[in-house]
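The structure appears right after this line, and notes come after that.
The values are calculated or read from the model by the stated rules, or taken from the named source; none is laboratory data. These figures come from a predicted structure and were not determined experimentally. Don't worry about glycine lacking a Cβ; one is built from the backbone with ideal geometry, like all the others, and counts go over all protein chains shown. Heads up: the accessible areas ignore ligands, DNA and RNA and are worked out on the full protein's heavy atoms, side chains in. Shrake-Rupley method; radii C 1.70, N 1.55, O 1.52, S 1.80 Å.
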Amino acid sequence: QLQASGGGLVQAGGSLRLSCAASGFTFDDYAIGWFRQAPGKEREFVEAIHWTGNLRWYADSVRGRFTISRDNAKNTYLQMNNLKPEDTAVYYCAAVHYSGSANPRDQYEYDYWGQGTLVTVSS
């Protein structure tokens, strides 16, 4: 129901755009989040956006470099600029029903997960 794509190998300082296509559930009242998991580390929150586009949440580690957006076709994007080797990870998109009380930064709140796409940043 969530399909992430767009990962690849890029040099430090480069850019990538990840995409997440949603299907099979009503997009209304959901927030889509991006998480990442580096080798040997816990999965961590990156960014999230409400389906209206009016609410966004960011991790401090990517603020100013990554930008989340969405379109009306249930696609969500993560534009990643000025990539660093420490951004290397498998990136996952996920969906959480957001009624105002959910915490989009908490991975355990999420209802649906995509399969992940690998981003490798070389130094």
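Distance between the C-alpha centres of segment 27-66 and segment 6-25: 13 Å, rounded to the whole angstrom. Between Gln37 and Gln1, the contour length at 0.36 nm per residue exceeds the Cα-Cα span by 10.9 nm.
Computed 3J(HN,Hα) for segment 3-9, one whole-Hz value per residue from the Karplus formula 6.51 cos²θ - 1.76 cosθ + 1.60 where θ = phi - 60°, is 10, 8, 8, x, x, x, 9, glycine and proline marked x. Per residue, the accessible area of segment 15-123 comes to 49 Å² when a 1.4 Å probe rolls over the protein heavy atoms. Note on Arg17/Asn54: beta-carbon distance plugged into 1/(1 + (r/R0)^6) with R0 of 35 Å gives a FRET efficiency of 0.95.
Shown in residue order for segment 71-76 are the 3J(HN,Hα) couplings computed by the Karplus curve 6.51 cos²θ - 1.76 cosθ + 1.60 at θ = phi - 60°: 10, 7, 9, 6, 9, 10 Hz (x for Gly and Pro). Applying 1/(1 + (r/R0)^6) with r as the Cβ-Cβ distance of Ser61 and Thr26 and R0 = 25 angstrom yields a FRET efficiency of 0.20.
Entry note, the chain: relative contact order of 36 percent, from Cα contacts under 8 Å with a spacing of 6+ residues.
The H on the amide N of Lys74, modeled in the peptide plane, is under 5 Å from the matching H of no residue at least 5 residues off or on a different chain. Expressed as a whole percentage, what fraction of the accessible surface of the chain belongs to carbon and sulfur atoms when a 1.4 Å probe is rolled over the protein heavy atoms? Accessible surface attributable to carbon and sulfur in the chain totals 44 percent. Our coupling estimate for segment 102-110, obtained by passing each phi through the Karplus curve with A = 6.51, B = -1.76, C = 1.60 and θ = phi - 60°, is 6, 10, x, 7, 9, 4, 6, 7, 7 Hz, Gly and Pro reported as x.
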